[in-house]
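Asker: There's a structure below that I have some questions on.
Every number in this text was worked out from the coordinates using simple rules, so none of it is lab data. Here the structure is a predicted model, which is why all the values come from computation and not from measurement.
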Amino acid sequence: MKLEGVYESDNSVYFALEYVEGNPICGRFNNLSKYTVSERKFILKGILRGLAEMARKNVIHRDLKPDNVILSKEPIIIDFGLATVADDPNYLFVRCGTPGYVAPEIINIKDMTTKSQPISDVFSAGCIFYYIIFSKHLFMGKNAQEIISMNR
């Protein structure tokens with residue numbers, strides 16, 4: 001996805017991105033459709049390629065979930081609203097992500113000066129893989145505390 005331009009107002013920054021047509025991978029499961037084995041492999045490889053490229057650039061997505069992967073000609077990771085560069089001196093949000101997909105090392109942060117690494121997104125990818133393969137979420141719960149207590 002190409003960045004077309006950046007615009008600033010007094011209190012906001014706007015990013016104009018290339019329009020990419022596609023649907024989130026979770027959409028087909030909500031319609032009770034099933035992916036074929038080759039489609040599942042295609043999606044999983046696409047997510048891994050995206051994570052490898054992000055790791056090369058030292059970028060952490062921090063909110064990787066089925067809603068943030070769309071299928072176009074290839075799987076595309078979207079919504080970098082919580083993303084950060086791993087060595088940024090000041091994270092806007094230290095502990096963030098979607099319950100059920102956020103890595104344990106992020107959800108369990110106590111010291112708010114702790115830095116994360118791109119490897120944290122691999123946990124989220126694993127949760128997505130489980131979702132794609134079994135058509136259900138790996139962790140059930142409404143919030144992080146409920147998920148943590150249910151999975152101890």
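Asker: Read phi for every residue in the range 98-103 and hand back ³J(HN,Hα) as whole Hz from Karplus 6.51 cos²θ - 1.76 cosθ + 1.60, θ = phi - 60°, with x for Gly and Pro.
Answerer: 3J(HN,Hα) across the range 98-103, in whole Hz: 9, x, x, 10, 6, 5.
Asker: Taking only Cα atoms of the chain, what ratio of Rg to Rh do you get with Rh as the Kirkwood inverse-distance radius?
Answerer: Rg/Rh: 0.97.
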